[in-house]
């Protein structure tokens, strides 16, 4: 169960990984800076005729947005990182699975849609976690929030990675067969997201871990890695006979 995460961690300094992390951080920071300026000027504009009160309202709004950014960073960074799943997958397979035929990413619209849904799910799960911590016993609330976030992150990263090799229906069916392992990886990613500095790498490491999990899951399901899997989901995953991965 720990092997996918450990292999991903071992590759953390890969130039491709570092590039995706840089993109995620830069775009996240840019989004928050623009949001802060927008809140500041909107607050000031609403109270433009009230002198110092307008400036104070704008400043407080910008500070509040900066504080919120700390909470919103993981959902946004995760969504952005998922857009680079092709780069991450290729880097992982080049190192650990040489000779594997290249997969074909889903179309841009589908990837963007999945990224938005993933970010919103992680954001919603974090909101649930915050509310849960206010309900006694507080430890139970934290555990519930963590488990729900683990599901959201795990599923949200596994399905885009799987769609490099198969259609969405097959990817979802494979996810259901591997739900426990996927949620476990999601739990590790969520825990890493709570650690300063490591949280910058959490989405990328999570996607890399899902590549390893996908290879193992396809091997167990008897699916051969020959580009995209095009066989109907019900037929392919109805096979319980294992075949070696080509």
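The values are calculated or read from the model by the stated rules, or taken from the named source; none is laboratory data. The model shown is predicted, which means the values in this text are computed figures rather than measured ones. Every residue, glycine as well, gets a Cβ built from its backbone with ideal geometry; the counts of neighbours run over all protein chains shown.
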Enumerated helices (runs of 4 or more DSSP H) restricted to segment 179-246, each holding at least 3 residues that are at pLDDT 85 or above: 179-192, 198-221
Filtered residues of segment 85-108 (kept if without any contact (Cβ under 8 Å) to a residue 60 or more places away in the chain and closer than 14 Å to residue 162 by Cα): 105, 107
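Within segment 161-168, identify whether any single residue is part of a helix (DSSP H, G or I), touching a residue at least 12 places away in the same chain (Cβ under 8 Å) and closer than 23 Å to residue 11 by Cβ, and answer yes or no. Give the steps one after another, and end with the answer.
Narrowing segment 161-168 to residues part of a helix (DSSP H, G or I): 161-162, 168.
Filter once more, keeping what is touching a residue at least 12 places away in the same chain (Cβ under 8 Å): 161-162, 168.
Checking which are closer than 23 Å to residue 11 by Cβ leaves us with 161-162.
Yes.
Consider residue 152 carefully, then state whether it is part of a helix (DSSP H, G or I), buried (at least 24 other Cβ atoms within 10 Å of the Cβ), touching a residue at least 60 places away in the same chain (Cβ under 8 Å) and within 12 Å of the chain's Cα centre (by Cα).
Working: part of a helix (DSSP H, G or I): yes; buried (at least 24 other Cβ atoms within 10 Å of the Cβ): yes; touching a residue at least 60 places away in the same chain (Cβ under 8 Å): no; within 12 Å of the chain's Cα centre (by Cα): yes.
Against the criterion (part of a helix (DSSP H, G or I), buried (at least 24 other Cβ atoms within 10 Å of the Cβ), touching a residue at least 60 places away in the same chain (Cβ under 8 Å) and within 12 Å of the chain's Cα centre (by Cα)), residue 152 does not qualify.
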